[in-house]
Amino acid sequence: MLAVGGILAASVAVALGAAKSGLPALVAFLGLGMLLGSDGPGGIAFDDARLAREVGVVSLAAILYEGGLSTSWRRLREVAVPAVLLSTVGVFVTAGVTGAAAYGLFDLSWTEALLLGAVVASTDAAAVFATLRKTRLRRRLARTLEAESGANDPVAIALTLGLIAWVEQRDYGAGDLTLLLVRQLGLGLVIGVALGLIAMWVFARIPPSIGAFVPVASVAAAAVAYGAADAAHGSGFLAVYLVGLAVGSTPSRYRGQLVAFHVGVAYVAQVALFIVLGLLVFPSRLPDVALAGLGLTAVLIFVARPVAVWASTVALRRFNRRERLLLGWAGLRGAVPIVLGTFVLSSHVRSADTIFNAVFFVVLVSAVLQGTTLEWLAKRLGLLVSFARTEAPIEVTRDWHSLNLAEFAVAADHAIAGAAVRELGLPRESLVVVLVRGDEAIPPRGSTTIEPGDVLFVLTPDGKEPELEDVFTRWRQRI
């Protein structure tokens, strides 16, 4: 208990330092893990790849569930097509281009090189969600990246498992790999949608008398979703993300409570995941793959990801050249590739150590380089949301100790479409602080008319969340 408490306290200090310096938190946590490891001053000997894999699976499931819960289908509906293409076509193109480069840079067979490409092919949900919370990207771009990062993990995981089987089994071929991908994604989709519909029905009807147990029900939903899909040999990660998305899309007085709870769980999962993965890495072995790793990272960032973005969006006319450039640069790597590296490390692949160390090196460079420059590049490309300023400062006349900011996206068939701000019927002491229309932020007045596509940001004091959720439910009524 003392050791766990000390590590968690150290992670808080490390996270604070990372936030002040602009360094991605995952890099800081990985660094802490390496310092605690056998090559660092901590001296903790840890080389159990199978245990690290199990920790990674549980942590990644918690992170993906929180990612789905914190958003909603209404937010992702407009970017569903490009997100699906980036999550499928993008992953396969990235894996192929990166695998070809790995074959030339490392002493690997073709299947092992493609395996390395598959491991680093997906963007990372934890890294992308954390980065988007700190940036002001245009809404469509941010939601595209958000949806892609949640949906491409199951594809990369299924592809990695298939290629591991291909390397290990002599009679395994392309037909077996295709069948595994279809089975994993198909079953994960069907089970995730089915359990998501059940979860929506349940969470919309939980009575206030057991409101304190709602987080327990939410954890149960996540565990059942992953476990049911995995037991059926489907993608548990796809199922748990879809169930989280379903719960997050359900009008409920408990949504704010659930989001706050699972954000905390996801951060604890990130700390556990990155520290365990950091312990598993031996820094003394990284110089052996440093030069080839730099080359592979350069190919991944400057060739494979941009080509994948172009191939996934060339048939769509939704993105211009500047937006495609940003989507290409925003392919952050993080926990998922390293977790997939533990899949390889716990297998019987001949070059497992080389692949794992190369993946770890690629993730570190990608997270530092892309994570710290994403907002700068977006600003240079003119892709940040510009907030209009009010002519007079807003004065707060009450000493509120804690305020919460809620977001509401207006659809064309919502009841409030066409209404004035003064007709919204907000709870006492809650107010609309800004209205985002397209790429413009508008300070609302009582006479401001709500239009389809607007996003309202509502400020409310602690304790008013249930009332605000009831108001949101009334706003969502179809007309």
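The values are calculated or read from the model by the stated rules, or taken from the named source; none is laboratory data. Since we're looking at a predicted model, the values are computed, not measured. Every residue, glycine among them, receives a Cβ derived from its backbone with ideal geometry; neighbour counts consider all protein chains shown. Side chains included, ligands, DNA and RNA excluded: accessible areas come from the protein's heavy atoms. Shrake-Rupley method; radii C 1.70, N 1.55, O 1.52, S 1.80 Å.
At-a-glance table
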| item | result |
| --- | --- |
| Compactness index (Cα Rg / 2.2 N^0.38 Å), the chain | 0.99 |
| Lys/Arg +1, Asp/Glu -1 at C-beta; the chain dipole; positive extreme among ASN320, LEU69, VAL190 | ASN320 |
| The chain - accessible surface per residue (Å², probe 1.4 Å) | 44 Å² |
| Span-rule helices in the chain, defined as complete DSSP H runs reaching 30 Å or more along the axis (Cα) with Kyte mean at least 0.5 | 80-105, 174-203, 255-280, 352-380 |
| Carbon plus sulfur fraction of accessible area for the stretch 182-222, probe 1.4 Å, in percent | 83 percent |
| Options VAL202, LEU456, ALA352, ranked by Cα towards positive dipole end of the chain, top entry (Cβ charges) | LEU456 |
| Leading residue at positive end of dipole, the stretch 209-366 (Cβ point charges), from ALA290, THR250, TYR267 | THR250 |
| Solvent accessible area, Å² - LEU187, 1.4 Å probe, full protein context | 60 Å² |
| Computed [θ] at 222 nm, helices only, for the chain once each DSSP H run of length n ≥ 4 contributes -39500 (n - 2.57) | -21000 deg cm²/dmol |
| For the stretch 212-347: rounded, prolate or oblate by the Cα gyration tensor [a/c cutoff 1.5] | oblate |
| Protein accessible area in the stretch 1-111, 1.4 Å probe - carbon and sulfur % | 70 percent |
| Rounded if a/c under 1.5, otherwise prolate or oblate - the stretch 232-276, Cα gyration tensor axes | oblate |
| Alpha-carbon centroids, the stretch 263-285 and the stretch 340-371: separation in whole Å | 14 Å |
| Karplus-derived HN-Hα couplings along the stretch 426-438 (A = 6.51, B = -1.76, C = 1.60, θ = phi - 60°), whole Hz, x at Gly and Pro | 5, x, 4, 6, 9, 8, 7, 8, 7, 10, 9, 10, x |
| Within the accessible area of the stretch 433-479 (1.4 Å probe), percent carbon and sulfur | 51 percent |
